[in-house]
1. Which net charge results for the neighbourhood of residue B:6, defined as the other residues with beta-carbon distances under 15 angstrom from its beta-carbon, given Lys and Arg at +1 and Asp and Glu at -1?
2. Given springs between every Cα pair under 10 Å in a Gaussian network model of chain A, which of A:86, A:71, A:62 has the largest fluctuation?
3. Averaged across orientations, what area in nm² does the convex hull of the alpha carbons in region B:20-80 project?
4. Which one, A:94, A:20, A:112, projects farthest toward the positive side of the charge dipole computed for chain A from Cβ point charges (K/R +1, D/E -1)?
5. Measure off 7 Å from each Cα along the Cα-to-Cβ vector at residue A:73 and residue B:108, then give the distance between these two points in nanometres to one decimal.
6. Compute from the Cα atoms of the protein assembly as shown the Rg and the Dmax, the latter being the longest Cα-Cα distance, and quote both in angstrom.
7. Give me the Debye-computed log₁₀ of I(q)/I(0) at q = 0.10, 0.12, 0.16, 0.18 Å⁻¹ for chain B, equal point scatterers on Cα only, no solvent, two decimals.
8. I'd like the Kirkwood hydrodynamic radius of chain A, using the inverse of the mean 1/r over distinct C-alpha pairs, in Å.
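Throughout, read-outs are computed from the coordinates displayed, never taken from laboratory work. The structure presented is a predicted model; accordingly, all values stated were derived computationally and were not measured. Please note: Cβ atoms are built from the backbone with ideal geometry, for glycine as well, and neighbour counts cover all protein chains shown.
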Amino acid sequence: DTEVTQTPKHLVMGMTNKKSLKCEQHMGHRAMYWYKQKAKKPPELMFVYSYEKLSINESVPSRFSPECPNSSLLNLHLHALQPEDSALYLCASSQAITQETQYFGPGTRLLVL
Amino acid sequence: AQTVTQSQPEMSVQEAETVTLSCTYDTSESDYYLFWYKQPPSRQMILVIRQEAYKQQNATENRFSVNFQKAAKSFSLKISDSQLGDAAMYFCAYRETGNKLVFGAGTILRVKS
């Protein structure tokens, strides 16, 4: 089973709202990733977690706050977003940070009004 | 930083025919991994095939195969017996240290019936 799930599928939020995206995997993977993808563009890495600790932060604005409460779950907390943050947010996981194959979830389509 | 180039923004193929998508990359590393991911309109990034640079043999997965030319830093994807379900955006990706994926700009593949 190579399933990564993400909720919600769609999210509309105002610039003053606080919301969270959730990603879950039950493959025993110990590395998890957040990507941002604009329309017709490739995904861009935001964060990498390895064994529940933040390993890479690609200079992402503080209005995006990741959290990894356990090895199966990855959250992305959103606060005071801008309209340009509207995008598809993809989660991925791999067995470990040294294991090359990343498996992606279906994404959350975010619209910031 | 490594770069990945996909020079074909769009490609078309007739159903049951063969199509080749091109990808070149730039790296000073000798050992690395390369991937092709498919992203249909449903948005989910699906792993198509992967290649380990130290392996001489080209990877194959059913109708999908690669032509890996390490010296030329070329990694093309061949799709044989194209099917309507192959229509998607295809991304070539290079794995950097820390398991960061660097993606090409993508190629939209259209399959004609």
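1. Here the count lands on +3.
2. Result: A:62 has the largest fluctuation of those listed.
3. Averaged projected area of region B:20-80's Cα convex hull equals 4.5 nm².
4. A:112
5. About 3.9 nm separates the two model spin labels.
6. 17.7, 54
7. Taking Cα atoms of chain B as identical point scatterers yields -0.26, -0.38, -0.68, -0.85.
8. So the Kirkwood estimate lands at 13.9 Å.
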